[in-house]
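Read through the structure below, which is laid out as structure tokens, and then see the notes.
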Amino acid sequence: MGVAPPVRDREIARATSARPIREIAQALGVLDDEFEPYGKYVGKIHAPAILQRMEAHPNGRYIVVTGITPTPLGEGKTVTTVGLSMAISRLGRRAIGSLRHHRWAPSSARRAAPVAAGIARYFQGRL
């Protein structure tokens, strides 16, 4: 019984497709007038309108992932954040994982991101 060879990022990227951003916004409960699409896969939300609408609702929960020492396979904060978001979503709750990395700034060149061991993908766009 051997270990399967690792799957390359390129193979994962070719085997998956991005979901339309409008579909994601609807799944998160964002109304049409609170959302402005910039093409099929990029959009902008109007946070003040959402906050005003949600004012009477109880607050959600906020999880901060910081200061994790990566495993030998490189699984650190990014993988943990995406994994938590996916697990919470799978439990039937609404969840958003927010990632920030200096190399993903709009001025940088497009690059592949090792997100969630290839389960999720990061698409860098220019607005």
* Asked: Which pairs have Cβ atoms under 7 Å, sit 6 or more apart or on different chains, and link a residue in the range 5-28 that is assigned to a loop (DSSP other than H, G, I, E, B) to one that is modelled with pLDDT of 85 or more?
  -> A18/Y41; P20/K40; P20/Y41
* Asked: So which of G29, G43 is under 21 Å from L99 (Cα atoms) and either in the same structural domain as G97 (by TED's automatic domain parsing) or more than 15 Å from the chain's Cα centre (by Cα) (or both)?
  -> G29
* May I ask you to list the residues in the range 84-98 that are in a helix (DSSP H, G or I) and under 10 Å from the mean Cα position of the chain (by Cα)? => S85, M86
* Structure fact -> Conditions (1) over 15 Å from G29 (Cβ atoms); (2) at pLDDT 85 or above -> A47 fails only (1)
* Structure fact -> Note on A56: of the conditions (1) farther than 17 Å from S98 by Cα; (2) touching a helix residue (DSSP H, G or I) at 6+ places or on another chain (Cβ under 6 Å), unmet is (2)
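The values are calculated or read from the model by the stated rules, or taken from the named source; none is laboratory data. Fair warning: this is a prediction, and the values are worked out from it, not measured in the lab. Glycine gets a Cβ as well: all are built from the backbone with ideal geometry, and neighbour counts include every protein chain shown.
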